[in-house]
Amino acid sequence: MINVHKLPSGMRVVTESIPFVRSVSFGLWVRNGSRHETEATNGISHFIEHMMFKGTEKRSAMEIADTMDAVGGQLNAFTSKEYTCYFTRTLDTHFDVALDVITDMFFHSKYDQNEINKERNVILEEINMYEDTPEDLAVDLLQYHTFPKNSLGMGILGTPETIGSFQRDDFLSFLKERYNPKNVVIAVAGNINEKEVLEKITAAFAGFKDNSKGGEETTADYSPGFCLKEKDIEQVHLCMGFPGIKTGLDESYALAAVNTILGGGMSSRLFQKIREQHGLVYSVYSYNASYFDTGIFLIYAALNPAQIYEVLNLISLEVRGMFTERVTEEQLAKAKEQLKSNFLLSLESAASRMNSIGRTLLMLDKVITPDELVTKIDAVDLDGFYAVCDKIFRLEQMSLSLVGKNVDGMKKDALTGAVLN
């Protein structure tokens, strides 16, 4: 059973008891990511995530790792555009260790200037590594040009200039503003005694107070973007975007079915047409990136530079084909079964359960149970399916980014003409 509790500070705790496992997954979720930054602070959220592991008032970085290794536990974190998550996975007998380590990092990290200087170099290398991953680069460039006047378009890692500028006081000031109870959700899933776990979490966070000045999150609006980036690599990495669906809307379930049929797997129309029938790509797929206020539907392909116009034309034909070669009831039913299976199979571990309940409570202020989600998927019909298609697939609203060799000289009119004509 999933239960949600709100502590006096405003921090929320969500628990799910799974008695048939021997593990516990613990996650501390903070509603803070790159979209909560400015141009001057871009990358600080991700940098803070790194610094949490670099030593506290009672543990060195080595001792943090050794404490978890001593009980065979796992400790990690990640930062996205809208949130950061610090998480552990341990045997059920070692929950107290996980709670102690996470709270020690959260409340007592030192942000030592020497450690900041060392970690700065690590993150600069991470940025360099990212530059060598053209698939991710094409997606990020598209979002940068699609949301040009909003922090949602900024990258998660920051820039060499911003990373090089951060000092200890910058971290402490940003933490005070963003790391406050109303922005934090604790999620615990596994073999737990819910009452005991809640008591321990309440005690551990008893001194957690809101010292921020408040302030609303800025909203973003999709606008068509275009970007060409020259890179000396063998393939061209292509990313096409359309206005998507924001997090939490029932339309997102219809869009998930649209995505499954268009580009969500090996039986999808894009994969079958462009890879299997024409042999023009190795990789082609689509997905919806959703955020609290907006979304972007993305189509990605990696291909030979000589075949750009042909692939763009084929993608366009498949997008148009969603209307001219209309989806049948049988095809929709198959897509819905795929969605339900993928979701339910993904929940067969305590870690995935923790991720699901923590993220949805943080972003939607509610938890969607597996049964509720299955019901919402089952409710998708062809009318809803095509209402979403009408909303998303407007070719005049298309965005496009290309990363690869000899793309700099390509003309926007010629590239978009391959899609629109």
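The values are calculated or read from the model by the stated rules, or taken from the named source; none is laboratory data. Because the structure is predicted, anything quoted here is derived from the model rather than measured. Note that we place each Cβ from the backbone using ideal geometry, even for glycine, and neighbour counts take in every protein chain shown. What goes into the accessible areas is simple: the full protein's heavy atoms, side chains included, and nothing from ligands, DNA or RNA. Shrake-Rupley method; radii C 1.70, N 1.55, O 1.52, S 1.80 Å.
Computed quantities for the displayed model
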| read-out | value |
| --- | --- |
| Label point distance in nm, residue 304-residue 4, each placed 7 Å from Cα along Cα→Cβ | 5.3 |
| Backbone N within region 108-127 under 12 Å of label point (7 Å from residue 168 Cα along the Cβ vector) | 110-117 |
| Computed E for residue 127/residue 396 - FRET, C-beta separation, R0 35 angstrom, nearest 0.05 | 0.50 |
| Region 290-364 - percent of accessible surface contributed by carbon and sulfur, probe 1.4 Å | 50 |
| Label point at residue 60 placed 7 Å out along Cα→Cβ; residues across region 91-108 whose backbone nitrogen lies under 18 Å | 105 |
| Residue 266/residue 219 FRET efficiency (R0 41 Å; Cβ-Cβ; nearest 0.05) | 0.65 |
| Spin-label pair residue 408/residue 381, simplified geometry with 7 Å Cα→Cβ offset, distance in nm | 5.6 |
| Helical contribution to [θ] at 222 nm, DSSP H n ≥ 4, -39,500 (n - 2.57), averaged over the chain, rounded to 500 | -13500 deg cm²/dmol |
| Relative contact order, percent, region 42-105 [alpha-carbon distance under 8 Å, six or more residues apart] | 30 |
| Distance between modelled label sites at residue 320 and residue 74, nm, 7 Å Cα→Cβ extension | 4.7 |
| Rounded to whole Hz, the Karplus (6.51, -1.76, 1.60) HN-Hα couplings of region 110-122, x for glycine and proline | 8, 6, 5, 4, 5, 5, 4, 5, 5, 5, 4, 5, 4 |
| Solvent-accessible area per residue for region 320-421 (1.4 angstrom probe, square angstrom) | 52 |
| Region 131-137 - phi-based ³J(HN,Hα) in whole Hz, Karplus 6.51/-1.76/1.60, Gly and Pro as x | 4, 8, 10, x, 4, 5, 4 |
| Computed E for residue 374/residue 194 - FRET, C-beta separation, R0 22 angstrom, nearest 0.05 | 0.35 |
| The chain: angle of helix 350-364 to the longest principal axis, Cα-based, in degrees nearest 10 | 80 |
| Accessible solvent surface per residue of region 112-248, calculated while the other protein chains remain in place, 1.4 angstrom probe, Å² | 49 |
| Whether region 256-371 is rounded, prolate or oblate, judged on the alpha carbon gyration tensor where a/c under 1.5 counts as rounded | prolate |
| Length-normalised contact order for region 1-48 - Cα pairs under 8 Å, 6+ apart - percent | 22 |
| Relative contact order (percent, whole number), the chain, Cα cutoff 8 Å, 6+ residue spacing | 22 |
| Rounded if a/c under 1.5, otherwise prolate or oblate - region 349-421, Cα gyration tensor axes | oblate |
| In sequence order, calculated HN-Hα J values of region 165-179 (Karplus, 6.51, -1.76, 1.60; Hz; x Gly/Pro) | 9, 5, 10, 3, 4, 5, 5, 4, 5, 5, 4, 4, 7, 9, 8 |
